[in-house]
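Participant: My structure is below; once you've seen it, I'll send some questions.
The values are calculated or read from the model by the stated rules, or taken from the named source; none is laboratory data. These numbers come from a predicted model, not from an experiment. As a convention, Cβ positions derive from the backbone with ideal geometry for all residues, glycine included, and neighbour counts pool all protein chains shown. The protein model used for the area step is the full one, side chains on, heavy atoms only, and it has no ligands, DNA or RNA in it. Shrake-Rupley method; radii C 1.70, N 1.55, O 1.52, S 1.80 Å.
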Amino acid sequence: MERVRYAYDSTRDVLNGIDWEIAEQKKYALIGPNGCGKTTLFLHLNGLLRAQEGIVYWKGRNMYERGADWAQWRREVGIVFQNPEHQILAPLVRDELAISLAHAGMDMENIEEMLVSIVEEYKIDSWLDRPTHQLSLGQKKWLTLCCTMATKPDLLVLDEPTAYLDQHQTKRFLEQIETIHRAGTTVLIATHDMDFVWQWADVVAVMHEGRIVMQGTPEDVFADRQRLLDVRLDVPLFVRLWQAWRPEEKQVPRRLVQ
Amino acid sequence: MERVRYAYDSTRDVLNGIDWEIAEQKKYALIGPNGCGKTTLFLHLNGLLRAQEGIVYWKGRNMYERGADWAQWRREVGIVFQNPEHQILAPLVRDELAISLAHAGMDMENIEEMLVSIVEEYKIDSWLDRPTHQLSLGQKKWLTLCCTMATKPDLLVLDEPTAYLDQHQTKRFLEQIETIHRAGTTVLIATHDMDFVWQWADVVAVMHEGRIVMQGTPEDVFADRQRLLDVRLDVPLFVRLWQAWRPEEKQVPRRLVQ
Amino acid sequence: MIREFDRWAYDNRLRTWRAEWKLLLTFAMLFFAMIGDWREQWLVLVGMAYWTMGRARVPFSLYGKAMLAASAFLGISLLTLVVSVSFPFRLSIVDSQLQPAAELAIRSLAAWSCLFFLLVTTPVPELFAVLRGMGLPTALVELCVLMYRFIFLLEQAAAELMLALRARNGGRHWRHGGMLMYQLWMKAWQSYEAFSRSLAARGGMASIVYTSQPPKTNMHLADIAAGVVMVVLLGLEWWGG
Amino acid sequence: MKRIIRWSAVATLLAVYFWMTSEQEAYAMHIMEGFLPIKWALFWWLLFLPFFVLGLRRLVHTLKQHPEQKLLMALAGAFTFVLSALKIPSVTGSSSHPTGIGFGSVLFGPWVMVVIGTVVLLFQAMLLAHGGLTTLGANAMSMAIIGPFVAYGVYQLCRKGKMSNRAALFLAACLSDLATYVTTSLQLALAFPAPEGGIIVSLLKFAGIFAITQVPLAITEGIVTVVVWNWLASY
């Protein structure tokens, strides 16, 4: 059982008393206006920032206790940041993967083996020996995903993975995330793309001014347009269409676009 | 009358014989998968790149002729690039605006005057004396828009202006663009956000492998889903919904979301 | 230019050779160019041109462009040799220096073509892998590898900043140069913070390993033959006089 | 008649020279691959190596204590490279090199800058074919050893002499550039003494010719360094 819990981080009051639990095996979408603290929240999820007040639990364990294994924690929570440019360190794709694997505590032989299996799984053999600075943005994002998944985390956190990607790339990226999720990883995505949220998420959490202000299924969350407008968000276009056509039914039935 | 026309740029065959005319006073959306040459096309629009073959016309004039005034051309075509991080040069917001104004050929007194009017129009007085690196991403994008508009161009070109912006920021940005357009500027936006294209554009141009393969109103372009899928694009979610509900009507009536 | 060279380093036909061999070839030829006289130097020049354009398939346009730039620089350097200044201000050409200048020119170009061959056929990370194998301190090699990555990051930033400036009709004033430097430094600093964070997320600043191995090694008979002929010729030339 | 031809030849060559230096900004003050005779190339290599080894030991020591500085040093090196290798609008012939070296020396100290500067030169050889492998010793001597030490020394002296930070930085960048170019001139003069008058005449000649571009350049680089520093310090 995974449990992450925050309370009161007074650093610039970005987080404002978050009490949030992430359940295993679900697909979470985190939405909220820019500057509401999403990225800061993520940095607490594997201990890159330490909350000044409150506790973070991971797998039922208080991670601020003495003796908590943070290295292990960081391997179990994989974060893909917004800008892939600032994550790729090695000059060659192959080396970049090797760095991730080495940090997962593998020795050279295992790294070679794992490399082969990752290359196969993510279909990157055609650019495995390319320099990272020649990759396109889509490829760079794909590579950061590969690198994060190399340590086989239990919770995968993605910060706006699909910005600047076109529809085809987005689709491919999300299919891969779907595969990752089916293999047993909990996935948490921060995004501004409401269509995507509606199609993909099991649970939508709405963040505003450092708090989680709403949480529920996409149908529930998008049914309450006024509350979303209050936190400077909006429902997707098609929900507005639906509501315009059928004012009597507030909830859009989910099966519509399956 | 604005006329831009391309043919054959053999640099890495990014552009592949483009013959495209931009009509005055319209709102253009350019869509296409990443790597199709959108950015390269933009760089030809004010002579930052010079086509190896073919001609670019601007206001009916062949710009590759001797004696064409490129400095004037660059003032009349304003481009806002994708990444605001790599456009802002000056350490202060005020200086950044001054650079743009100075290059519009103004002298110091006019610059001061213009500064005041821009600050008022774009409501940036609260952060006029801030260092540029402290701005949020939304503010940076806003600033690049201000700087580009400072020279009062006739054609405003924006490369994915709303990526990473939240819904509120996007709305505000687009309202400003609407104001700019009403003041008589032709606007051309490259984007991946199909909902936005549908709501905003007068004309949608679809680019694929260095060519303009489709052009028309959003209703026309989005009616032909198969052709969009062929060029690795897709129709917006709500169009799919509409088509699922009413298979007999291919075109979504535009008035639906007005 | 830097991106073009770098792209060819990965896309040329000799990418499949082991970096060690190319390094060895370069140094052998460089050695002959430095100690030999003009005949060896011509041979080296022709030989390197063959390997660069004939075998690695680097287009003549690129080679010619680079050679032209190098020659231009060489011309400037030579100018300072053959021109003499005397007081009061008077410039003249020293005839006796023309001969040594010509010899210097051919030596420089021969040596330069060795360097260019290495640059355009071998990706820099592979060279570092070789250096690491030769026992250079890991700290130094890691620094080089990171720097290689960051060079392209900052170069991209600089190029885009210049482009945006040109789009606004700017880019010629020295103040813009200063601003560009300032922005680059800010970018470097921000990247430093972002990189440290993402590295920490991946488990901290452990040593950076690399497995860099060129894909497959196959050397063709033609190259071996050409190499042997070159070496024999050079040897004969050298011993003979 | 002959004199007129000579004069016009010299004038043309000078015109070409100035045109070239403005076109080939990035090449400023490097000695090209193969330009130095082998004995001088070896001599400068031998002279340079002990400095490099000492600098390297300092660097390894620093990195052991602060491993996180690895990233920062690599970024500083890349910054220096980009400044010295790319066309940045400045005065004719500028490579903005002293700015990078100046910042680096003040930030990390001269010993670390010896290593970083050498690696930058190595990259210029291996990514752009500027400078060279045989001449790396000589180039590193002037740019990665004399340059940083002069910059650091001048900066420290000025600061001790209660001079303002700006003046100190200006002098550091300016003098380190001048020292670099004098060293390069010396290296060339030693390798190519004038047929009449020997090394001294040759040195005066090289230094004199380079002075035409290098002195104004050093001054502008000093100003640019101060301007950039001011911005950095104030925000």
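Participant: Using alpha carbon centroids, what distance separates the stretch A:123-143 and the stretch C:1-34, in Å?
Facilitator: Cα centroid to Cα centroid, the span is 23 Å.
Participant: In whole Å, what is the distance between the alpha-carbon centres of the stretch B:220-249 and the stretch D:166-198?
Facilitator: Going from one Cα centre to the other spans 70 Å.
Participant: Total accessible area buried between chains A and B, 1.4 Å probe, in Å² to the nearest 100? Could the numbers behind the result be given before it?
Facilitator: On the way: alone 13360 and 13340 Å², together 23820 Å².
Its buried surface, counting both partners, is about 2900 Å².
Participant: Heads up, I need the accessible area for D:Ile146: 1.4 angstrom probe, whole protein in place, Å², nearest 10.
Facilitator: The accessible area of D:Ile146 comes to roughly 50 Å².
Participant: Now for a different question. If B:Leu41, D:Leu49 are ordered by their accessible area, calculated over protein heavy atoms with a 1.4 Å probe, which sequence runs from highest to lowest? It would help to have the intermediate numbers written out before the result.
Facilitator: Working: B:Leu41 0, D:Leu49 70 Å².
Descending order: D:Leu49, B:Leu41.
Participant: Moving on. So what does C:Ser61 come to for accessible area, using a 1.4 Å probe and Å² rounded to 10?
Facilitator: Approximately 80 Å² of C:Ser61 is accessible to the 1.4 Å probe.
Participant: In square angstrom and rounded to 100, what buried accessible area do you get between chains C and A, total over both, with the probe at 1.4 Å? Kindly include the intermediate steps, with their values, before the conclusion.
Facilitator: Working: alone 15710 and 13360 Å², together 26130 Å².
Counting protein atoms only, the buried area is about 2900 Å².
Participant: Please work out the FRET efficiency for the pair C:Ile93 and C:Lys65, using the Cβ-Cβ distance as r and a Förster radius of 41 Å; give the result to the nearest 0.05. Before the final figure, lay out each step's value.
Facilitator: Details: r = 29 Å, r/R0 = 0.71.
E between C:Ile93 and C:Lys65, to the nearest 0.05, is 0.90.
Participant: Starting from a label point 7 Å past Cα on the Cβ side, list the distances from B:Val213 to the same position in the other copies, nm, shortest first.
Facilitator: 4.3
Participant: Out of residues 5 or more away from A:Leu92 or on other chains, whose amide H comes under 5 Å of its own, with H placed 1.01 Å from N in the peptide plane?
Facilitator: A:Thr132
Participant: What's log10 of I(q)/I(0) for the stretch A:167-217 at q = 0.15, 0.18 Å⁻¹, Debye sum over Cα points only, no solvent?
Facilitator: -0.47, -0.66
Participant: For the stretch D:146-221, what mean projected area does the convex hull of the alpha carbons give, in nm²?
Facilitator: Details: hull surface 20.9 nm².
It is 5.2 nm².
Participant: Run the 1.4 Å probe and let me know the accessible area of A:Lys123, rounded to the nearest 10 Å².
Facilitator: The accessible area comes out at roughly 130 Å².
Participant: Moving on to the next point. Leaving ligands and nucleic acids out of the surface, order B:Asp202, C:Asp223 by accessible area at 1.4 Å, largest first.
Facilitator: Details: B:Asp202 55, C:Asp223 5 Å².
These residues rank, largest area first, as B:Asp202, C:Asp223.
Participant: Per residue of the stretch A:26-37, in order, report the coupling 6.51 cos²θ - 1.76 cosθ + 1.60 (Karplus, θ = phi - 60°) as ³J(HN,Hα) in whole Hz, putting x for Gly and Pro.
Facilitator: Taking θ as phi minus 60°, the curve returns 9, 9, 9, 10, 10, 10, x, x, 4, x, 8, x Hz for the stretch A:26-37.
Participant: Counting only protein chains, not ligands or nucleic acids, how are D:Arg57, A:Arg50, B:Arg94 ordered by accessible area (probe 1.4 Å), most first? Walk me through the intermediate numbers first.
Facilitator: Numbers: D:Arg57 165, A:Arg50 135, B:Arg94 80 Å².
Ranking D:Arg57, A:Arg50, B:Arg94 by accessible area, largest first, yields D:Arg57, A:Arg50, B:Arg94.
Participant: Shape call for chain C from the C-alpha gyration tensor, a ≥ b ≥ c root eigenvalues: rounded (a/c under 1.5), prolate (a/b greater than b/c) or oblate?
Facilitator: Details: a/c = 2.21, a/b = 1.20, b/c = 1.84.
Oblate, because a/c is 1.5 or more while a/b does not exceed b/c.
Participant: Provide the three semi-axes, in whole Å and in decreasing order, of the ellipsoid equivalent to the stretch C:137-202 as defined by the square roots of 5 times the Cα gyration tensor eigenvalues.
Facilitator: Numbers: eigenvalues 166, 35, 20 Å².
Listed largest to smallest, the semi-axes of the stretch C:137-202 are 29, 13, 10 Å.
Participant: With respect to the axis carrying B onto A, what is the closest chain B residue by Cβ position, and how many angstrom separate it from the axis?
Facilitator: Chain B residue with minimal Cβ-axis distance: B:Phe238, 2.
Participant: Still on this structure, I have one more. Using DSSP to define loop residues, name the chymotrypsin sites (Phe, Trp or Tyr not before Pro) in the stretch C:1-90 whose beta-carbon has at most 15 other beta-carbon atoms within 10 Å. Don't skip to the end; give the middle numbers.
Facilitator: Values: sites: C:Phe5, C:Trp8, C:Tyr10, C:Trp17, C:Trp21, C:Phe27, C:Phe31, C:Phe32, C:Trp38, C:Trp42, C:Tyr50, C:Trp51, C:Phe60, C:Tyr63, C:Phe73, C:Phe89; in loops: C:Trp17, C:Phe89.
Counting only loop positions with at most 15 other Cβ atoms within 10 Å, the chymotrypsin sites (Phe, Trp or Tyr not before Pro) in the stretch C:1-90 are C:Phe89.
Participant: What do you get when you divide the Cα radius of gyration of the stretch A:4-245 by 2.2 N^0.38 Å, with N the number of residues? Walk me through the intermediate numbers first.
Facilitator: Numbers: Rg = 18.6 Å, N = 242, 2.2 N^0.38 = 17.7 Å.
Taking the Cα Rg and dividing by 2.2 N^0.38 Å, one obtains 1.05.
Participant: What are the ³J(HN,Hα) couplings of the stretch A:55-62, residue after residue, when phi is run through the Karplus curve with 6.51, -1.76, 1.60 and θ = phi - 60°? Round to Hz, x for glycine and proline.
Facilitator: For the stretch A:55-62, the Karplus curve yields 10, 10, 9, 10, 6, x, 10, 6 Hz.
Participant: Let me ask something additional. Could you list, in their original order, any pairs among B:Lys140/C:Lys187; A:Lys123/C:Lys22; A:Lys59/A:Lys152; A:Lys140/A:Lys171; B:Lys59/B:Lys152 whose Cα atoms are separated by more than 19 Å? Intermediate results must be reported in sequence, preceding the final value.
Facilitator: Details: B:Lys140/C:Lys187 15 Å; A:Lys123/C:Lys22 31 Å; A:Lys59/A:Lys152 16 Å; A:Lys140/A:Lys171 16 Å; B:Lys59/B:Lys152 16 Å.
Table pairs above 19 Å Cα-Cα are A:Lys123/C:Lys22.
Participant: Another question, if that's okay. What does the copy distance list look like for A:Gly60, label position 7 Å along Cα→Cβ, in nm and ordered from shortest?
Facilitator: Those separations, rounded to one decimal, come out as 8.0 nm.
Participant: Next question. Using only Cα atoms and rounding to the nearest 10 degrees, what angle (0 to 90) does helix B:137-149 make with the longest principal axis of chain B?
Facilitator: 80 degrees
Participant: Probe radius 1.4 Å, ligands and nucleic acids left out: can you give me the accessible area buried at the D-C interface, summed over both chains, in Å² to the nearest hundred?
Facilitator: Separately minus together, D and C give about 7200 Å² buried.
Participant: Output ³J(HN,Hα) for the stretch B:74-91: one whole-Hz value per residue in order, computed from phi by the Karplus curve 6.51 cos²θ - 1.76 cosθ + 1.60 with θ = phi - 60°, and x for Gly and Pro.
Facilitator: 5, 6, 7, 10, x, 10, 9, 7, 5, 9, x, 4, 9, 10, 8, 10, 7, x
Participant: Quick one: with label points 7 Å out along Cα→Cβ, list the inter-copy distances for B:Ala244 in nm, shortest first?
Facilitator: 1.9
Participant: Could you do me a favour and compute the accessible area per residue for the protein assembly as shown, 1.4 Å probe, result in Å²? Present the calculation step by step, with values, prior to reporting the outcome.
Facilitator: Details: 39900 Å² over 992 residues.
Computed with neighbouring chains in place, this is 40 Å² per residue.
Participant: Okay, next question. Obtain the nm distance between the two label points defined at C:Glu103 and C:Ala226 by a simple spin-label model: each point lies 7 Å from its Cα along the Cα-to-C-beta direction.
Facilitator: Between C:Glu103 and C:Ala226, the simple spin-label model gives 3.0 nm.
Participant: So if we plug the beta-carbon distance of B:Arg182 and B:Arg227 into 1/(1 + (r/R0)^6) with R0 = 35 Å, what FRET efficiency do we get, rounded to 0.05?
Facilitator: On the way: r = 32 Å, r/R0 = 0.92.
Between B:Arg182 and B:Arg227 the formula returns 0.60.
Participant: Still on this structure: Which far-off residues, 5 or more places away or on another chain, put their amide H under 5 Å from the one on A:Ile79, with H placed in the peptide plane?
Facilitator: Counting only residues 5 or more places away or on other chains, the set is A:Val157.
Participant: Rounded to the nearest 500, what is chain B's calculated 222 nm mean residue ellipticity when only DSSP H runs of at least 4 contribute -39500 (n - 2.57) each, over all residues? The partial results should precede the final answer.
Facilitator: Details: 10 runs with 98 residues, N = 258.
Only helices count here, giving -11000 deg cm²/dmol.
Participant: Continuing with this model, one more query. Can you give me the long-range amide H partners of A:Ile189? Hydrogens built in the peptide plane at 1.01 Å from N, cutoff under 5 Å, separation of 5 or more residues or another chain.
Facilitator: Close amide H contacts, sequence-distant or interchain: A:Tyr28, A:Ala29, A:Leu30, A:Leu158.
Participant: Which percent of the accessible area of the protein assembly as shown is formed by carbon and sulfur heavy atoms (probe 1.4 angstrom)?
Facilitator: Values: 22420 of 39900 Å².
Using a 1.4 Å probe with all protein chains present, the protein assembly as shown comes out at 56 percent carbon and sulfur.
Participant: Continuing with this model, one more query. Note down the nm distance, to one decimal, between modelled labels 7 Å out along Cα→Cβ at B:Ser136 and at D:Leu107.
Facilitator: Between B:Ser136 and D:Leu107, the simple spin-label model gives 2.9 nm.
Participant: What FRET efficiency comes out for the pair A:Asn110/B:Gln72, r = Cβ-Cβ distance, R0 = 56 Å, nearest 0.05? Could you put the intermediate results ahead of the total?
Facilitator: On the way: r = 63 Å, r/R0 = 1.13.
It comes to 0.35.
Participant: Given C-alpha coordinates of the protein assembly as shown, what is the ratio Rg to Rh with the Kirkwood estimate of Rh? Numbers along the way, then the final one.
Facilitator: Details: Rg = 30.6 Å, Rh = 31.0 Å.
With Rg and the Kirkwood Rh in hand, the quotient comes to 0.99.
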